[in-house]
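A single structure is presented below for examination.
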Amino acid sequence: MGLTQGISPITIAFACVAAPHFAFTALKAYGDICSLKIGYGTVVVLNSIEAAHHVLVACNAATASRPDMYILNYITSGYFLPFMKNDLNWRIMRKAVLETMNSKVVDQHKPIQAAESAQLMYDLLVDPKVPPLGSPRFPHV
């Protein structure tokens with residue numbers, strides 16, 4: 001969709017910086033749902049509550065995934081849960097996180113966390129020149 005009727009990409013870019021919550025209101029002239037090519041991606045602008053409901057609720061299977069973030073995928077090998085694609089790997093990781101981070105399991109970890117904190121504080125008191133990430137308490141870092 002081309003930007004006509006006096007809306008330039010520079011105007012939208014400036015509006016994003018100056019007032020991001022008003023950046024795309026000028027696009028209402030193009031309808032409830034319109035799209036823009038920004039950089040390598042496409043931005044879909046939903047200009048009404050009905051359009052947002054339709055896209056996010058009625059078509060939730062098509063919109064459930066996240067945008068592709070190439071640098072983040074490269075650094076984390078694609079295993080950064082908040083930005084993973086909605087696929088089998090994401091479902092497996094989400095299930096593992098939910099099983100290990102629920103309130104019952106977290107309560108079981110509290111004594112271990114307290115002991116680790118006490119040991120780290122002792123290590124810092126004995127040798128304050130060793131930074132925490134360089135201490136023998138964290139050999140994997």
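Name the pairs whose Cβ atoms lie under 8 Å apart, with the first residue in the range 50-63 and more than 15 Å from ASP32 (Cα to Cα) and without any contact (Cβ under 8 Å) to a residue 40 or more places away in the chain, the second open to solvent by 90 Å² or more (accessible area, probe 1.4 Å) and assigned to a helix (DSSP H, G or I), and 6 or more positions between them or separate chains?
THR63/LEU56
Continuing with this model, one more query. Among the residues of the range 81-115, which ones are within 24 Å of VAL44 (Cα to Cα) and either of a type outside the set (D, E, K, R) or touching a Leu at 6+ places or on another chain (Cβ under 6 Å) (or both)? Lay out the reasoning, then the answer.
Looking only at the range 81-115, we keep the residues that are within 24 Å of VAL44 (Cα to Cα), and these are 81-87, 90.
Hits for the range 81-115 are LEU81, PRO82, PHE83, MET84, ASN86, TRP90.
Return a yes/no flag: does the range 81-103 have any residue that is assigned to a loop (DSSP other than H, G, I, E, B), of a type in the set (Ser, Thr, Tyr), more than 30 Å from ALA29 (Cα to Cα) and open to solvent by 70 Å² or more (accessible area, probe 1.4 Å).
Taking the range 81-103 as the starting set, the residues that turn out to be assigned to a loop (DSSP other than H, G, I, E, B) are 84-87, 101-102.
Restricting the remaining residues to those that are of a type in the set (Ser, Thr, Tyr) gives none.
Within the range 81-103, none of the residues are assigned to a loop (DSSP other than H, G, I, E, B), of a type in the set (Ser, Thr, Tyr), more than 30 Å from ALA29 (Cα to Cα) and open to solvent by 70 Å² or more (accessible area, probe 1.4 Å).
Does VAL44 satisfy the condition of being of a type outside the set (S, T, N, Q) and in a helix (DSSP H, G or I)?
Working: of a type outside the set (S, T, N, Q): yes; in a helix (DSSP H, G or I): no.
Spelling it out, it is not the case that VAL44 is of a type outside the set (S, T, N, Q) and in a helix (DSSP H, G or I).
Across the range 22-42, which residue is farthest from the chain's Cα centre (by Cα) among those that are of a type in the set (A, V, I, L, M) and open to solvent by 50 Å² or more (accessible area, probe 1.4 Å)?
The initial filter retains those residues of the range 22-42 that are of a type in the set (A, V, I, L, M), namely 23, 26-27, 29, 33, 36, 38.
Add one more test, that the residue is open to solvent by 50 Å² or more (accessible area, probe 1.4 Å), and what stays is 26, 29, 33, 38.
Working: ALA26: 27, ALA29: 30, ILE33: 23, ILE38: 19 Å.
This residue is ALA29.
Determine the pairs where a residue that is within 17 Å of MET69 (Cβ to Cβ), located within the range 23-45, has a partner that is surrounded by fewer than 12 Cβ atoms within 10 Å (Cβ to Cβ) with Cβ atoms under 7 Å apart, the partner being 6 or more residues away or on another chain.
Final answer for the pair search is GLY41/PRO67.
Among what's in the range 54-80 and is in a helix (DSSP H, G or I) and surrounded by 12 or more Cβ atoms within 10 Å (Cβ to Cβ), pick the residue that is modelled with the lowest pLDDT.
Narrowing the range 54-80 to residues in a helix (DSSP H, G or I): 54-58, 60-63, 70-76.
Pick out the ones that are also surrounded by 12 or more Cβ atoms within 10 Å (Cβ to Cβ) and you get 54-56, 63, 72-73, 76.
Values: HIS54: 85, VAL55: 83, LEU56: 80, THR63: 73, LEU72: 81, ASN73: 81, THR76: 84.
Step by step, filter the range 54-80, then rank; the result is THR63.
Please go through the range 23-66 and give me each residue that is among the small types (Gly, Ala, Ser) and over 21 Å from PRO82 (Cα atoms), ordered by number. Give the steps one after another, and end with the answer.
Here is the first cut: in the range 23-66, the ones among the small types (Gly, Ala, Ser) are 23, 26, 29, 31, 35, 39, 41, 48, 51-52, 58, 61-62, 64-65.
ALA23, ALA26, ALA29, GLY31, SER35, GLY39, SER48, ALA51, ALA52, ALA58, listed by residue number.
The values are calculated or read from the model by the stated rules, or taken from the named source; none is laboratory data. These numbers were taken from a predicted model, which means no experiment stands behind them. For neighbour counting, all protein chains shown are included, and Cβ atoms are generated from backbone atoms with ideal geometry for every residue, glycine included. Protein only, heavy atoms only, side chains kept; ligands, DNA and RNA dropped before computing areas. Shrake-Rupley method; radii C 1.70, N 1.55, O 1.52, S 1.80 Å.
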